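Structure, as structure tokens:
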Amino acid sequence: MNFQENIKFAIVGATGIVGLEFLKILEKENVLSNKIIVAASKNSVGSKLKYKNDFLIVEDLEEVDFSNCKIGLFSPGAKVSEIYAPIAEKQGCFVIDNTSFFRTHEDVPLIVPEINLEELKNAKRKIIANPNCSTIQLVMVLKPIQDICKIKRVFVSTYQSVSGAGKDALGELNDENTNSEKNVIFPQKIKKNVIPKIDTFLSSGETKEEWKMFVETRKILNSDIVVSSTCVRVPVEVGHSEAVFFELEHDVPIKEIHEAIRKFPGVYIEDLDSNEFKTPREIAGTDEVFVSRLRKDENTKCCYQMWIVADNVRKGAALNAVQIAKGLVSYGIV
């Protein structure tokens, strides 16, 4: 389904990694250039962003009139969304926010379209939250499993690419001066290294990223599932990977789990008898969530393991948000 010609978009944080990906996806959806406003901070005002055979001129976010837009695709950082998403909402614009600010708000739906798109019909506000990138790819695989058997507990170790931390993070990764001690985005040098800290540390000792995976998974799946994670930043440009261990309420044949995952939209799983697997390098730029190495844990009853990889900029961010926008249109909400 292509967007109707009367749908006008505002892209906030348009010069960032996710903002630029929004433009790529809207171009593929054949949205006309005169139906898009691109906005960012004052530092980017006046810069040109290539779109189709045209250029879009970046506007000052402080001066954008959201009443002229039906849908706002936001990815400017949580502090900016906290201020400007309610402004856009008040002016009648539906905001799909890619930051962490609104995700745990009870009156804001947290949407992965393949799982809970219908929650849009009962939304109390014009703000919809896009989940954390690492959460999206996890719940996309947990959902079909949960549909056949209750999941009691999940242990996940993430291997998250630097694009999840933005443009400047990619700059630190690709810094050719390997002797440089400069590291602004990360607490230690990311090049040729891994860092077991994403977001801030909480008083419990876990990081906010790890906390997010717990609370967001529960909200999306509407479940009391327990998620324990260790989130690690790795020197990869694009693509998050997850090693997942999960416990079910009772034993389920591995073929049944495999078949449930295989049938779920937006997910690709390798054959059970295959030793093939995907890595971030080959899935960058794709839309699916990729599953491999699904296996029974022979040492523990009712437990299984698998490997999940997805492009964090697309399904983990921009694509998921555009899918939500399509849902708003298909339900006649906008």
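Numerical summary
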read-out: Members of region 36-67 found to be more than 14 Å from F9 (Cα to Cα) and not in a strand (DSSP E or B), listed by number; value: S41, K42, N43, S44, V45, G46, S47, K52, N53, E62, E63
read-out: Every residue from region 205-235 that is of a type outside the set (A, V, I, L, M, F, W, C) and touching a helix residue (DSSP H, G or I) at 6+ places or on another chain (Cβ under 8 Å); value: E209, K212, E216, T217, N222, S223, D224, S228, S229, T230, R233, P235
read-out: The lone exception for S229 - which of (1) of a type in the set (S, T, N, Q); (2) surrounded by fewer than 16 Cβ atoms within 10 Å (Cβ to Cβ); (3) more than 30 Å from K28 (Cβ to Cβ) it fails; value: (2)
read-out: Residue count for region 100-130, restricted to those that are part of a loop (DSSP other than H, G, I, E, B), under 19 Å from K79 (Cβ atoms) and open to solvent by less than 10 Å² (accessible area, probe 1.4 Å); value: 3
read-out: Any hit, region 66-87, residues being in contact with a strand residue (DSSP E or B) (Cβ under 8 Å, 6 or more places away or on another chain), at pLDDT below 95 and open to solvent by 30 Å² or more (accessible area, probe 1.4 Å); value: yes
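Listed here are the residues, each with its yes/no results for (1) touching a Leu at 6+ places or on another chain (Cβ under 7 Å); (2) among the hydrophobic types (A, V, I, L, M, F, W, C); (3) assigned to a helix (DSSP H, G or I); (4) touching a residue at least 60 places away in the same chain (Cβ under 8 Å).
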| residue | (1), (2), (3), (4) |
| --- | --- |
| K152 | yes, no, no, yes |
| V156 | yes, yes, no, yes |
| D168 | no, no, yes, no |
| N183 | no, no, no, no |
| K192 | no, no, no, no |
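The values are calculated or read from the model by the stated rules, or taken from the named source; none is laboratory data. Bear in mind the structure is a predicted one, so any value in this text is a computation, not a measurement. Quick reminder, even Gly has a Cβ in these numbers, built from the backbone with ideal geometry, and neighbours come from all protein chains shown. Quick note on the areas: whole protein, heavy atoms, side chains included, nothing else; ligands and nucleic acids left out. Shrake-Rupley method; radii C 1.70, N 1.55, O 1.52, S 1.80 Å.
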